[in-house]
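The block underneath contains the structure these notes are about, expressed in structure tokens.
Just so it is clear, none of the values below were taken in a lab; they were calculated from the coordinates. What you are looking at is a predicted structure, and each value in this text was computed from that prediction instead of being measured. Virtual Cβ from ideal backbone geometry, glycine too; neighbours counted across all protein chains shown.
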Amino acid sequence: MKEKKVEKNNKEATAEPIKKTIQTPQPLRGMKDILPSDQGYWWLVFDKVRALAKTYGFEKIDTPLLEEATLFSRSIGKETDIVEKEMYIFEDLDGQKLALRPEATASIMRAFLNHGMWNLPQPIKAWYWGPMFRHERPQSGRYRQFHQFGFEILGEDGPVADAMIIMIAYNFYAEMGVNASIQINSLGCQVCRENYKNELVQYYKTHRSKICETCKKRMQKNPLRLLDCKEPGCISIKEGAPQMIDFLCDDCRNHFMSVLEYLDELGLPYFLNHNLVRGLDYYTRTVFEIYSTGEDEGSQSALGGGGRYDLLSEALGGKPVPACGFAHGVERAVNKIKEAGRIVPETFKAEIFIAQLGEQARRKAFTLFEKFKHSGIKVAEAFCRNSLRAQLEQADKLGARYALIVGQKEVQDGSVIIRDMESGVQETIDVNKAVAEIQKKMLLV
């Protein structure tokens, strides 16, 4: 019995240990990696945004990703879906309630007030680019971490500011080769909008039994959002709802008509959408959205939008500051540009390529590379490759005019081979004269 027990213990001791499977972490739901293969499209969008900003006189502003949570509840609205359901809110180690920014306009107005920018020549024209965060259901083109760019004009109440913002929002897509159109409405001021909301609630009360449960709550909390409902039963009811344009006061009507006159003068394609309210409480008067031509109204097909927010400053404790702006989603922009068949231009085309054979040659090639870089000549390399053929294929792919080849013999001689990639003709020169010789050749091309 003892021998069997010893034999059993020996088997257990020699048994191979069970390998534990280590699971590779995955991106969080609604988060996305932007891979090198897509970066060309992102740079294309960024460069176009920066060019538009320069053309229209906007300066870049960056605000923190983290803000006090109250900034957004006071600006966007406590009863909005963003604040109630979608914001990432947490307490830090100091017990302060913070939020990852769900949008940038409130942060920009905060910065305007914090830094006394009303003392600067008005208006302030600012643009931004960066990630935003909303805990919503991920869909095509919609993520929980997403990126936006936007343009804001602060300190100007004239309709020309509204028209400029709409023009830039439209021109971005037009210049990217995407057919787009504008849907526009006016939400009026506090006075005329209040009259409209009362009438709207009365209308919906007569249809209370037919609307969804969410809309029943909106009747009490946020009546304008009744017009934003996408439930089939509610869509048919809102078609007969009173229209805000019929309740505008004289000032708001004149402002809206002036904006439309600017759009007519510019020849921009726009449509009046009496149900357009946007999802944020800070909007007043003009609101608009950009749609891909041929797509119906709906949050999934809207490429971006914005409007006027004259009451936002006061909601944050500041003095009245008239303002307007827009934001576009970068992910949606990239998708639309791809659909339009836009080809991303080459971001880098090498003028020369440094090739090497052997470890000593690689070290010399490194030094040569740095010399060309400092000379201002566009230079490329493939130092991790050993095959000369593979390196020359890379040089050809990058469009290099010349390849400079360093081998063991060249290291000993202090020379370098210059190969004309088009003709295949090669010559050997002193390595110390390589930069000057290439500069000479490039002047002759």
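Annotation: amide H-H contacts under 5 Å for GLY188 (H modelled 1.01 Å from N, sequence separation of 5 or more, or interchain): ARG285.
Sorted into 5 angstrom bins from 0, the C-alpha pair distances of the range 331-376 split as 5, 16, 17, 12, 10, 7, 8, 13, 10, 3 percent. Averaging 1/r over each pair of different alpha-carbon atoms in the range 308-364 and inverting the result gives 17.5 Å, the Kirkwood hydrodynamic radius. Backbone amide hydrogens, once placed in the peptide plane, bring ALA180 within less than 5 Å of THR293, excluding anything fewer than 5 places away on its chain. Based on the convex hull around the alpha carbon atoms, the range 352-444 presents an average projected area of 5.3 nm².
Residue by residue, the range 407-422 carries 3J(HN,Hα) couplings of x, 5, 5, 5, 5, 5, 7, x, 10, 8, 8, 9, 10, 6, 5, 7 Hz when phi is fed to the Karplus relation 6.51 cos²θ - 1.76 cosθ + 1.60 (θ = phi - 60°); x denotes Gly or Pro. Once the mean of 1/r is taken over each pair of separate Cα atoms and inverted, the range 67-125 shows a Kirkwood hydrodynamic radius of 12.6 Å. Rounded to the nearest Hz, the phi-derived 3J(HN,Hα) couplings of the range 185-190 under the Karplus curve 6.51 cos²θ - 1.76 cosθ + 1.60 (θ = phi - 60°) are 7, 10, 9, x, 9, 4, where x marks glycine and proline. Judged by the ratio a/c of the largest to the smallest principal axis of the C-alpha gyration tensor, the chain counts as oblate, that ratio being 1.5 or greater while a/b is no larger than b/c. The gain in end-to-end length when the TYR56 to GLU194 segment is fully stretched comes to 46.1 nm, 0.36 nm per residue minus the alpha carbon separation. The magnitude of the dipole of the chain, with charges of +1 and -1 set on the Cβ of Lys/Arg and Asp/Glu and taken from the Cα centre, is near 1720 debye.
Can you tell me how the range 171-313 classifies by the Cα gyration tensor, rounded, prolate or oblate, using a/c under 1.5 as the rounded cut? Oblate, since a/c reaches 1.5 and b/c is not below a/b.
Farthest towards the positive end of the charge dipole of the chain, among the residues PRO269, GLN391, TYR128, is the Cα of GLN391, using unit charges on the Cβ of Lys, Arg, Asp and Glu.
Size descriptor for the range 213-254, Kirkwood hydrodynamic radius: 11.5 Å (Cα pairs only, one decimal).
Over the range 238-352, the ratio between the Cα radius of gyration and 2.2 N^0.38 Å evaluates to 1.39. For the range 107-115, the Karplus equation 6.51 cos²θ - 1.76 cosθ + 1.60, evaluated at θ = phi - 60°, returns couplings of 5, 5, 5, 4, 4, 4, 6, 4, 9 Hz by residue, with Gly and Pro reported as x.
Positive contributions from Lys and Arg (+1) and negative ones from Asp and Glu (-1), summed over other residues with Cβ under 14 Å from the Cβ of GLN39, come out at -3.
For the range 91-209, report the convex hull volume of the alpha-carbon atoms normalised per residue, in Å³, without decimals.
So the per-residue hull volume is 235 Å³.
What are the residues whose amide H is under 5 Å from the amide H of ASP310, where those residues sit 5 or more places off or on another chain and H is modelled from the backbone? Hits under the 5 Å cutoff: THR284, ALA323.
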